[in-house]
Amino acid sequence: MTETHMPEKSYDHHRIELKWMERWKDADFYKAEDFSPRPKYYLLEMLPYPSGTLHVGHIRNYTIGDTLARYKWMRGFNVLHPMGWDAFGLPAENAAIANKRHPRDWTLSNIAYMKQQHRRYGFSYDWDREISTCEPEYYRWNQWFFLKMLERGLAYRAKALVNWCPECATVLANEQVVDGCCWRHDTTRVEQRELDQWFLKITAYAEQLLNDISKLEGGWPERVLVMQRNWIGRSEGTEVDFRLAETGEPIRIFTTRVDTIFGATCLILAPEHPLTARLVGEADKAKLKQMIDERARRDPGDLVKEGFFTGHGAVNPYNGERIPIWVGNFVLMGYGTGAIMAVPAHDERDFEFCTRYGIPVRPVIRPVDGPLAEAATMQGAFVDDGVCENSGEFSGLPSAEARRRMTEKAEREGFGKASVTYRIRDWGISRQRYWGTPIPVVHCGSCGIVPVPEKDLPVVLPLNVEITGVGGSPLAQVPEFVNTSCPACGRAARRETDTMDTFIDSSWYFYRYCDPHNDRAPFDSAKIAHWFPIDQYIGGVEHAILHLIYSRFFTKVMRDLGLIHHDEPATRLFTQGMVIKDGAKMSKSKGNVVSADDAAERYGADTARLFVLFAAPPEKDVDWQDAGVEGMYRFLGRVYRFVTRNADAPGGDGSADARVLRKLHQTLRKVTEDFESRWHFNTSLASIMELVNHLYNAEAGISSGTMRELLEKLVLMLGPFAPYAAEEMWEELGKTGPVFKQSWPEYDAELAREEMAEVVVQVNGKLRSRVHVPFGTPKEELERAALADAKIQPFLDGKQVVKVIVVPDKLVNLVIR
């Protein structure tokens, strides 16, 4: 430090962060303005479940969003950056049982604590728009949407299999089935029971959900779009009616390969197929129940393919052949029709099943350029298209043509039709739980199922409920809730005691943020038209196929209700990586959770923010390492000392001004481009670190005027990443007003130009060296420089250069042989 410098100050994260946290506590400068003339930017991180406390994995997600929000404010956008709570759900009930505490009390106390943690990290949320899905003011509109769907036939009641614990005498969520047993009784095997359940007809929108994925391309990660396409699972094929041999009763199957139907050697029913229970003899009833229950306990992909013969046969309508009817545990009732024709010669799954049970294999498709396989010599199925053989009038036809003609025959003769089916099934929303949205219907002995009138919404969740985890829905044990009168006839009736799946809550919450206090409608459509679609949505890839599909479905339903005028809720989606520790995902069971509180106390919120942004690109996993966090703490201290000691210093002789200004503008360009394109905040921070090192080395030669520009722009650049430290340094510079309300510093393109271009030199496409040349160097000179490079010479020894590819300022590739 030269004698002209002011005394430097040490970086005290406790003092600085708590000071600004207190000052910002009641400020409303993060408020978004409805209908502002400034360009809007709706930025959203997926709302959290209030589980009790945040760890640094959560902090990374919110830091990515907050950093972008602050940058967009500085770019002049009117930023909507809200936060709320996905507050209903099973964990609250489990906590109530374990701690003898009401779910509402547990949830609200967690919300209060987690909100304080959000504030501690300086996240720039518009808290005036805060929502909590467990409040009647919110879930009233869940009920309203349900009624609208009920009116349109999109909500309906039907029988469905559910997980059942015989000891608890209650339904279990999938999460409560652990290794095939009830989570509370690890020796009690879970069973399947058929109960009346409520569904939303998402299949009515399957084609739209699939087709509109094209509107998301370029804005959503490709792997998310692939997952959604696969989940929707569109298949074009043919429905064909086989006939029960004894009665002629039709058994409809769906197949995408009707061209192989002459090779069908058995029919296989799903265990849950309505016909199965009738065909199975008494001796096999227990086996059937075991098969159904086992499917509830195991992932279908983990099941060994098993089945049994029913003793009955079915007739193939194309050739009149009788084939046996089996039951197979791998056939899904939820896909197609729940019955399949097994063609072991041309389907790997069928081959595995049929060869295990000695069911004949009959090839009927040969390769285009080869003979028909011999069944006895087949080691697996031939699954490609080919040419039909042994297929009656269709023999000799290519597979595609055979499919067309066979389907025409089925339609002409009335035993089938062309069909499109989807893997996605209707959304079962019934939960035999307490802590969720009550379903707004009553059951009347005279009128049947009657919707609650809209004027009587919300149907409020009662608080005087005992939650034991046994004996069915807790709401069924509250007479003052259950017993009511029929809205249609006035007679005694019973309220529905199922509650809604909590994915309902999170399927439309981002619309409510635009108008959170509206008590006349879910939202004002004009406000939605202003803010939507969401410009940037941020969350984990684990939500790719449930939350993100359900929210797209809700958007389309709301559009058809006339509430909105767009097809998709979010233009861009970003899925961040996890924060891991000791090589594993953070979990209490592993003992490797780093709490957000501990990180803020030990290192400061700014340091934790910087580390999770610096340690890896945001889409990659970050390994939390204390040494790396300490490095970021030292970096912040270094910046703080440099700024505070030079804030009012007289300055140096100016000999370094041109050099440091070039470095400043190069850094500004790099950080700006990272924000505007790929969000590689790790390289942005690395550039800022390089700049700081450069400034330290040149400090004595920087004039006062240049130093002032450097300090101000350095602090503004740091503002989105480390808001507390930036605000403190901004004040040290004598500035007022929050940093994020200042304009983002512009770079001078001429100053930001690199003085020398780094040109990659390849040999046969492999990187072998780099040379530095002035920008605009002619191709001939680039070629000469590459050939003369000492690192390249050994690769050329005894070889002939047959071609040279030159990309000016970028690359020279020497092709040799």
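The values are calculated or read from the model by the stated rules, or taken from the named source; none is laboratory data. As the structure is a prediction and not an experimental result, all values here were calculated from the model. Backbone-built Cβ (ideal geometry, glycine too); neighbour counts: all protein chains shown. All accessible areas refer to the heavy atoms of the entire protein, side chains included, with ligands and DNA or RNA removed. Shrake-Rupley method; radii C 1.70, N 1.55, O 1.52, S 1.80 Å.
What the table below lists for this structure:
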| read-out | value |
| --- | --- |
| Residues of segment 70-120: accessible area per residue with a 1.4 Å probe, Å² | 34 Å² |
| Between segment 400-438 and segment 509-567, the alpha-carbon center distance in angstrom | 28 Å |
| Calculated log₁₀ intensity ratio I(q)/I(0) where the Debye formula runs over C-alpha points of the chain, q = 0.07, 0.09, 0.11 Å⁻¹ | -0.74, -1.06, -1.27 |
| Computed [θ] at 222 nm, helices only, for the chain once each DSSP H run of length n ≥ 4 contributes -39500 (n - 2.57) | -10500 deg cm²/dmol |
| Calculated FRET value between Glu282 and Glu249, using beta carbons and R₀ = 22 Å, to 0.05 | 0.60 |
| Eligible aspartates and glutamates near Lys766 by straight Cα distance, threshold 20 Å, same-chain separation 8 or greater | Glu758, Glu783, Asp789, Asp797, Asp809 |
| Distance between modelled label sites at Met378 and Ser395, nm, 7 Å Cα→Cβ extension | 1.7 nm |
| Set Lys25/Lys713; Lys159/Lys417; Lys115/Lys581; Lys215/Lys527; Lys40/Lys741; Lys31/Lys527 screened for pairs whose C-alpha atoms are more than 18 Å apart | Lys25/Lys713; Lys159/Lys417; Lys115/Lys581; Lys215/Lys527 |
| With DNA, RNA and ligands ignored, accessible area of Thr187 (1.4 Å probe; Å², nearest 10) | 120 Å² |
| Once exposed loop chymotrypsin sites (Phe, Trp or Tyr not before Pro) are cut out (DSSP; at most 13 other Cβ, 10 Å), longest piece of the chain | 36-774 |
| Folded to 0 to 90 degrees: helix 285-297 orientation relative to the chain principal axis, Cα | 10 degrees |
| Eligible aspartates and glutamates near Lys305 by straight Cα distance, threshold 20 Å, same-chain separation 8 or greater | Asp179, Glu191, Glu272, Asp284, Asp293, Glu294, Asp347, Glu348, Asp350, Glu352 |
| Heavy-atom accessible surface of segment 381-498: percent carbon and sulfur, 1.4 Å | 48 percent |
| Between segment 688-717 and segment 608-636, the alpha-carbon center distance in angstrom | 23 Å |
| Cα-based helix-to-principal-axis angle, 626-646 vs the chain, degrees rounded to 10 | 40 degrees |
| Within the accessible area of segment 730-775 (1.4 Å probe), percent carbon and sulfur | 44 percent |
| Angle in degrees between helix 13-24 and the longest Cα principal axis of the chain, rounded to the nearest 10 | 70 degrees |
| Surface accessible to a 1.4 Å probe, His443 within the full protein complex, Å² | 50 Å² |
| The chain, relative contact order [Cα under 8 Å, separation at least 6], % | 15 percent |
| Net charge, Phe199 excluded, C-beta distance under 9 Å - Lys, Arg +1, Asp, Glu -1 | +2 |
